[in-house]
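Structure record follows, encoded as structure tokens.
What follows draws every value from the coordinates through simple rules; no lab data is involved. Remember, predicted model here, so these are calculated numbers, not experimental data. Positions of Cβ are backbone-derived with ideal geometry, glycine not excepted, and every protein chain shown enters the neighbour counts.
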Amino acid sequence: MPPRPIVSTQKYFARSAISAISAVRWPPFRRLLDRAAAQQTTWLLNRVRVCQETAFGRDHGFSEIRSLADFRKRVPIAKYDHFGPYIDRVAGGETSALVPDSEQLLRFTITTGSSGVPKLNPVTSTWLKEYRRGWDIWGLKLFADHPKWLGDQMLQLAGKWDMGTTPGGFSISMVSALLARIQNPLLRPYYAIPSPVNDIPDPIARYYTALRLSIVQRIGWIVLMNPGTLIMMAELGNEHRERLIRDVRDGSLSPDFDVPGPIREQLRRQISRRDPRRARELEQIVRATGTLLPKDYWDRPVIGCWLGGTAGFQQRFLPRYFGDCSLRDMGLVSSEGRHTIPIEDGKPEGVPSIVAGFYEFLPVEDAESPMPQALAGHELEPGRDYYLLMTTSGGFYRFNIGDVVRCQGFVGQAPLVEFLQKGERCGDLEGEKLTERQFLECAHAAAAELGIQLTEITAVPTRDAEGRPRYEVLVEQGDIPDRTRGEQFLTELETRLKGINFLYNARRREHVLLPARLRLLPRGAWSRHIREETDRRGTGDYQYKHPGLVQDAAWLGRFEIVDAVELSASSGE
């Protein structure tokens, strides 16, 4: 039973405004896709020309670049370490290391790389303009495709805005917080959640507060990247349905949730509005269904979230909680930029954001070649997998962030690409990007702390039949003296993983990711496995490298599991 309709004049204004803007923005972009090859080369050479006096430009001979072939000859395909020294100089105040004099460095966004150390990404005035343009195209196309919901409110949460400053005094933010700040002003009246909600440290309290504020509104749009977060919010509202209904009726926010006093005061005006009529509607839903789920109190909102990759797996469970909603993939988005723009419902692929960067694609099978040959978008083959290489106005050139995409077809000359996974040994069930190195470092440190000697150890990111994600940790039974010591090992492992990878910590705190579980193998299992592998490969065991992290959940089926040890879902919180 959805809330009472918003007045028709508001919906009329929204539909008219969005329709007009979409008519101006989408057709030109669609025409660009038909000549994407030429547009991309033009964008690249313009960027090279603008940046030729930066330190990076001088070091790589930008003044001599006249063609795409020149660019590829002078600029290598590289990972973050190649740009790190330049970014460090920018962060320290020497902006000309990457930023041309004609542009302004505004701040930095932050991400976690393979080492687990937070890494900075420059936000220039040009980058921000292009980033916003990419989001506008995605959003306006989405709105134009679903005019019925125009004028309804949008539920959107963001990351932390203030994450400190660089040595040069520049502010650092999460990219989702930056996105929330730069949204089109026309949309601001339609945001259901005021920005102070994003500053609530405790995730459960944050999600409850978001539901408390949005359940009294007519929500037509939900924009949250991770579908697992949406499911958790729905379950949280159902679990606390009596408390939620009471808060709606009384104009309150339960003291049972850890919402800091200053934020409560900032939200006081919105929270204090009593709504006994809405409370009665919610009570009727509970009496009729026995639950309080979004599919019954909202009218099938349009949901923008990840549909592809490992993190998008749980989108298949959304209808259970939200009903028969239209789903639009958010696209391949990172702290470095918005890289793809999905243009149809229910499909995880999108066209490259050709207005916000230059994109190349490296065939996966050629990644280890001494002379790798990257391809332009129009040269891709449907069904083949590639590493995405980006050149952006943030100071990255031919940057390989390790994302593997698959070509699913074309729109004009622009490929439709779907994000599959991180290419390295990296667990990415819910966006935590836990690397093999991080896991092994934490596991062996935890074992040393407890005086445990590990024969071998491997983590396997998996989901159970309900889609719940966790890491299964395989060890030999003889390495763990007893169940108590196994629980101690898991506790220590979880503590260290949270400490080395802030995204893993966030997913655990949000209860999106379950704690790791030990799977105990018979004694000698690893020796037998190594022997079988070396026989199969025809190599000696001196060439065998034991995998610390295996992305294929089916790999578990190779082993006999004799016992398991696990912690409670809230352990360590």
Q: Give me 371, 163, 330 ranked fewest to most by other Cβ atoms within 10 Å of their Cβ, as a rough exposure proxy.
A: 371, 163, 330
(Q) Just to confirm a number: summing +1 for Lys and Arg and -1 for Asp and Glu over residues other than residue 254 whose beta-carbon lies under 14 angstrom from that of residue 254, what do you get? (A) 0
Q: Could you pull out every residue, at least 5 positions away or on a different chain, whose amide H is within less than 5 Å of the one on residue 410? Hs are placed 1.01 Å off N in the peptide plane, and Pro or chain starts have none.
A: 416
Q | 222 nm mean residue ellipticity, helices alone, for the chain (DSSP H n ≥ 4; -39,500 (n - 2.57); rounded to 500) | A | -11500 deg cm²/dmol
Q) What whole number of Å gives the distance from the Cα centroid of segment 194-239 to the Cα centroid of segment 295-365? A) 19 Å
Q. Which of the lysines could be linked to residue 141 by a straight reach, that is with a Cα gap under 23 Å, when you skip same-chain ones fewer than 8 residues away?
A. 11, 129, 347
Q | At most 16 other Cβ within 10 Å, DSSP loop - trypsin sites (Lys or Arg not before Pro), segment 156-217 | A | 160
Q | Straight-distance crosslink candidates among lysines, where the alpha carbon sits under 28 Å from residue 498 and sequence neighbours closer than 8 are dropped | A | 79, 119, 160, 422, 433, 545
**Q.** Estimated dipole of the chain in Debye, rounded to 20 [Cβ of Lys and Arg +1, of Asp and Glu -1, Cα centre]
**A.** 2240 debye
Q) Which cross-chain or sequence-distant (5 or more) residues have an amide H under 5 Å from the amide H of residue 403, H modelled 1.01 Å from N in plane? A) 388, 423
Q) For segment 129-140, what does the Karplus curve 6.51 cos²θ - 1.76 cosθ + 1.60, with θ = phi - 60°, yield as ³J(HN,Hα) per residue in whole Hz, taken in order and with x for Gly and Pro? A) 4, 6, 4, 5, 4, x, 5, 4, 4, 4, x, 5
Q) Amide H to amide H under 5 Å from residue 334: which residues, 5+ apart in sequence or cross-chain, H placed 1.01 Å off N in plane? A) 339
Q: Read through the labelled values (i) 86, 69, 41; (ii) 74, 54, 48; (iii) 74, 67, 45 and report the label of the one computed as Cα extents along the principal axes in Å from the structure.
A: (iii)
Q: Report the calculated FRET efficiency for residue 563 and residue 466 (r = Cβ-Cβ distance, R0 = 22 Å), to the nearest 0.05.
A: 0.45
Q.
Which of rounded, prolate or oblate describes segment 268-350 when judged by the alpha-carbon gyration tensor and an a/c cut-off of 1.5?
A. prolate
Q) If you plug each phi of segment 70-80 into the Karplus form 6.51 cos²θ - 1.76 cosθ + 1.60 with θ = phi - 60°, what whole-Hz ³J(HN,Hα) values come out, in order, with x for Gly and Pro? A) 4, 4, 5, 6, 8, 10, x, 5, 9, 9, 4
